Amino acid sequence: GEHLRICPQGYTCCTSEMEENFANKSRSEFEAMMKEAGRSVQAILTAQHRSFDSYFQDLLNKSEKALYDAFPSMYGELYTQNAKVFKDLYSELRRYYRSSNINLEEALNEFWTRLLERLFKLLNPQYHMTDEYLDCMVKHAEQHRPFGEVPRDLKVKATRAFIAARSYAQGFLVGSDVVRKVSQVSLSHECTRAIMKLMYCPHCRGMSSVKPCNNYCLNVVKGCLANQADLSTEWKYLMESLMGVADRMDGPYNVDTVIGTIHMRIAEAISNLQENKDSITSKVFQGCGNPKISTKGSSSEDKKRRGKVTLEAKSSAQALEMLVLDAKGNLTALKTYWITLPSSLCSKKVMASSVSDDKCWNGMTKGSYLPEVMGDGLANQINNPEVEVDITKPDMTIRQQIMQLKIMTNRLGNANIGNDVDFQDTSDDMSGSGSGDSCPDDVCGKRLSKSPSTRQPETHAIPKQSGHGVNGASSRSLPSASLLLLLLLSAVTAVQHLWR
């Protein structure tokens, strides 16, 4: 076996060509195992997204349909001549939910302004009102709350519900996308050799039925997946953040009630305007002057439609509760995915022997495996006996995905306290906006101590890493011994940063 380059060079059943074929086979099989494990996680996250998205879209569709069904008979011309205003509102709500670059509060304000202009004209058909007069009317009328408290109340509740819903839906997609991209990362040359030695070198020694020692397998796989394990912390934060937002939607933000009753709140607002028509009109005329009398006759349509109609909304709160429970169960199970992946692959895929077995393949022969099992992550592989890992060169694709997890977690943190965030990036690059430095205590737990900022801007840049090195201006005045010490500490900090 002197010709062998990977397996032990004792007596062998393998030619050089067989060894090379086994190396290629072990590589493709291990990468296939990784992708299969990733696909199962993607399937869970995608299914959760699909379930919630279907539920939320259904809520919005039912509200819109109820409005279209009831408003013509309730309001007559007040509705038929302004149907586009209502359609545009639901269109904007859908666009916002799909992560379009829309300011939701501005969209709601625009809806109430347009509706007030149209309805004021229809409620006062005997007057001719120019655009300039309507602008003045809006300014004066809004002071007197023509729609009552509905616009203000709906804006607060709807924005919170929509912000939470779209961040929640986006979180599942980002998580799935991260798994997909990380599962496609190729094995290093050193890892390919280690996997071959683990899986097929026993064949070359005539021990094809001997399973690899469990701890031996763990060291190989932990070395090969060292970068992937570094996803674990941010991955756990994402799972916990999704659960936190889920609780809000099924609790304080009450998605079922808020989204499912938008049409009812609009009807309530219109009724308020109708009931206060004379008072509002009088105050507008005082502030803007009397408009010119119109040559068109006065319509009695409004008078015929003044009766109150009770709208009902079918609650789907139980469906939301079940969605949240199912999601939290799956998210809890996925929290430790990256650090339990080596054990999962060794036990289910590689079929390693039991820990206590002293008749397993230890990389050289059949016997016990003595080295200790390495910890998780890149920094812990410095002394891995099975895989040569360069801990100073983290995989950049995986580092980018760690950043995407941070960005999405921060978005969810903002959504959890009702703050809007941008969704301009698609996780394919790092040029998009994140969501600040802060993360609520009940979402990110211990992470709060790492990010003390409490600022909550509406748009955010990707969080920057903390600065490294020494400030040149301040270091010049230090004594030489202190300077050397400071430079040494700086170097240690830089290495620690690379390990992270």
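The values are calculated or read from the model by the stated rules, or taken from the named source; none is laboratory data. None of the values given here were measured: they were computed from a predicted structure. So basically every Cβ, Gly included, is an ideal-geometry build from the backbone, and we count neighbours across all protein chains shown. What goes into the accessible areas is simple: the full protein's heavy atoms, side chains included, and nothing from ligands, DNA or RNA. Shrake-Rupley method; radii C 1.70, N 1.55, O 1.52, S 1.80 Å.
Some observations on this one:
To keep it simple, each residue is scored yes or no on (1) modelled with pLDDT of 95 or more; (2) of a type outside the set (G, A, S); (3) under 20 Å from Q9 (Cα atoms); (4) part of a helix (DSSP H, G or I).
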{"residue": "A169", "(1), (2), (3), (4)": "yes, no, no, yes"}
{"residue": "G175", "(1), (2), (3), (4)": "yes, no, no, yes"}
{"residue": "V178", "(1), (2), (3), (4)": "yes, yes, no, yes"}
{"residue": "S186", "(1), (2), (3), (4)": "no, no, no, no"}
{"residue": "R193", "(1), (2), (3), (4)": "no, yes, yes, yes"}
{"residue": "H203", "(1), (2), (3), (4)": "no, yes, yes, yes"}
{"residue": "G223", "(1), (2), (3), (4)": "yes, no, no, yes"}
{"residue": "L238", "(1), (2), (3), (4)": "yes, yes, no, yes"}
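- Residues considered: P146, P125. Of these, the only one that is assigned to a loop (DSSP other than H, G, I, E, B), more than 20 Å from Q404 (Cβ to Cβ), in contact (Cβ under 8 Å) with a residue 40 or more places away in the chain and in contact with a Ser or Thr (Cβ under 7 Å, 6 or more places away or on another chain) is P125.
- Boolean, K62 is of a type outside the set (S, T, Y), closer than 23 Å to M249 by Cα, more than 24 Å from the chain's Cα centre (by Cα) and modelled with pLDDT of 90 or more: yes
- Boolean, L198 is out of contact with any Phe, Trp or Tyr (no Cβ under 6 Å at 6 or more places or on another chain) and open to solvent by less than 10 Å² (accessible area, probe 1.4 Å): yes
- For first residues located in the stretch 242-257 and among the acidic types (D, E), partners that are modelled with pLDDT of 85 or more and open to solvent by less than 30 Å² (accessible area, probe 1.4 Å) and lie 6+ apart or on another chain with Cβ distances below 6 Å form the pairs D250/L320; D250/V324; D256/L320.
- For the stretch 214-222, the criterion of a residue being more than 25 Å from E105 (Cα to Cα), surrounded by 23 or more Cβ atoms within 10 Å (Cβ to Cβ) and aromatic (F, W, Y) is satisfied by at least one position.
- G38, sole failed condition from (1) within 20 Å of D256 (Cα to Cα); (2) small (G, A, S); (3) crowded, with 18+ Cβ neighbours inside 10 Å: (1)
- Test: S26 is in contact with a helix residue (DSSP H, G or I) (Cβ under 9 Å, 6 or more places away or on another chain) and not in a helix (DSSP H, G or I): no
- Close pairs (8 angstrom Cβ cut-off, 6 or more residues apart or separate chains): basic (K, R) in the stretch 407-422, open to solvent by 10 Å² or more (accessible area, probe 1.4 Å) and at pLDDT below 85 anywhere: R411/F423
- Of all residues in the stretch 249-274, those satisfying the criterion of being open to solvent by 20 Å² or more (accessible area, probe 1.4 Å), closer than 18 Å to L154 by Cβ and among the charged types (D, E, K, R) are R265, E268.
- Once the stretch 1-23 is narrowed to residues that are open to solvent by 70 Å² or more (accessible area, probe 1.4 Å) and touching a residue at least 40 places away in the same chain (Cβ under 8 Å), the residue that is nearest to the chain's Cα centre (by Cα) is M18.
- E132 vs. criteria open to solvent by 70 Å² or more (accessible area, probe 1.4 Å), outside any loop (DSSP other than H, G, I, E, B) and within 19 Å of S282 (Cα to Cα): yes
- Those residues of the stretch 90-115 which are part of a helix (DSSP H, G or I), without any contact (Cβ under 8 Å) to a residue 24 or more places away in the chain and either aliphatic (A, V, I, L, M) or under 20 Å from F147 (Cα atoms) (or both), in sequence order: E106, A107, E110
- Filtering the stretch 400-421 to residues that are assigned to a loop (DSSP other than H, G, I, E, B) and of a type outside the set (D, E, K, R) leaves I417, G418, N419, V421.
- Residues being under 30 Å from the mean Cα position of the chain (by Cα), surrounded by fewer than 17 Cβ atoms within 10 Å (Cβ to Cβ) and under 20 Å from I339 (Cα atoms) are entirely absent from the stretch 358-374.
- Residues being in contact with a Cys (Cβ under 9 Å, 6 or more places away or on another chain) and open to solvent by 10 Å² or more (accessible area, probe 1.4 Å) - total across the stretch 155-191: 3
- Residue in the stretch 56-69 that is open to solvent by less than 20 Å² (accessible area, probe 1.4 Å), in contact with a Phe, Trp or Tyr (Cβ under 8 Å, 6 or more places away or on another chain) and more than 22 Å from V258 (Cα to Cα) present: no
- Of the criteria (1) touching a residue at least 12 places away in the same chain (Cβ under 8 Å); (2) hydroxyl-bearing (S, T, Y); (3) open to solvent by 50 Å² or more (accessible area, probe 1.4 Å), which one S26 fails: (3)
- Residue check for N362: more than 30 Å from T46 (Cβ to Cβ), in contact with a helix residue (DSSP H, G or I) (Cβ under 8 Å, 6 or more places away or on another chain) and at pLDDT 95 or above: no
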